[in-house]
Amino acid sequence: EAPRSSTANFCTPGHMLLQLLKRTCRLFTQHGSGGSSLVPNPDVVTQQLSILFDHAHTAHRSSALAEALHAYESALRLIPDAHTHMRAAALVNLGVVCRDMVSMHRAILCLREALTLEPTLAAAHYNLGLTLYEIGETEAAESSLDSAIVIQPDFQAAHSTRLCIYGLARSHDPARVLLEHRRWAEKFADPLTKNAYPLRRRQSIEHRLT
């Protein structure tokens, strides 16, 4: 079975989205056709978004999926259409929640909408690949994972998931699967081995056991 998603596979943590929002947010105009008008304070909206993202992230980690869903939906209503990266990132997170709720159709819609806004968002391709695989669309899933890897070559989760799909798909040539395993090991496992310090690790393990 291919790895399922978790909050670690979110596109961007809520607090990072909000840091970006605080730097770039220009939600409201101070004048209209009739001159100056009373408008909501952008700082208040930013604070509301911060609370909503924190709520959504915490709820998802606690498996309170309905709460997370509602919080992300509320946040999306506040993010301006012009802020495409923030909207796309929130849509990816919403798509992950929908998938965990086994609402696959909506998850795919959210992820594809995110890619319409930000075609080079690797996390959107990755999560779309996971979702497509779970509904049996193996070829489309591989294509999405390939896109994620092209955009972000060091995306280890995408590489690992693609390898898992290769191993489960009977249509793949075993030689190709072996080649991909070797490439994965060369890219991710070998560097860890070269930089390892066995004595330090052993001491650390002994310390944890005592």
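The values are calculated or read from the model by the stated rules, or taken from the named source; none is laboratory data. Computed from a prediction, not measured in an experiment: that's the story for all the values here. Every residue, glycine as well, gets a Cβ built from its backbone with ideal geometry; the counts of neighbours run over all protein chains shown. Just the protein is used for accessible areas: all its heavy atoms, side chains included, with ligands, DNA and RNA removed. Shrake-Rupley method; radii C 1.70, N 1.55, O 1.52, S 1.80 Å.
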*asked:* I'd like the trypsin sites (Lys or Arg not before Pro) in the stretch 103-186 restricted to DSSP loop residues with at most 16 other Cβ atoms within 10 Å, sorted by number.
replied: Arg170
*For Ile151, tell me the accessible area in Å² from a 1.4 Å probe, rounded to the nearest 10.*
70
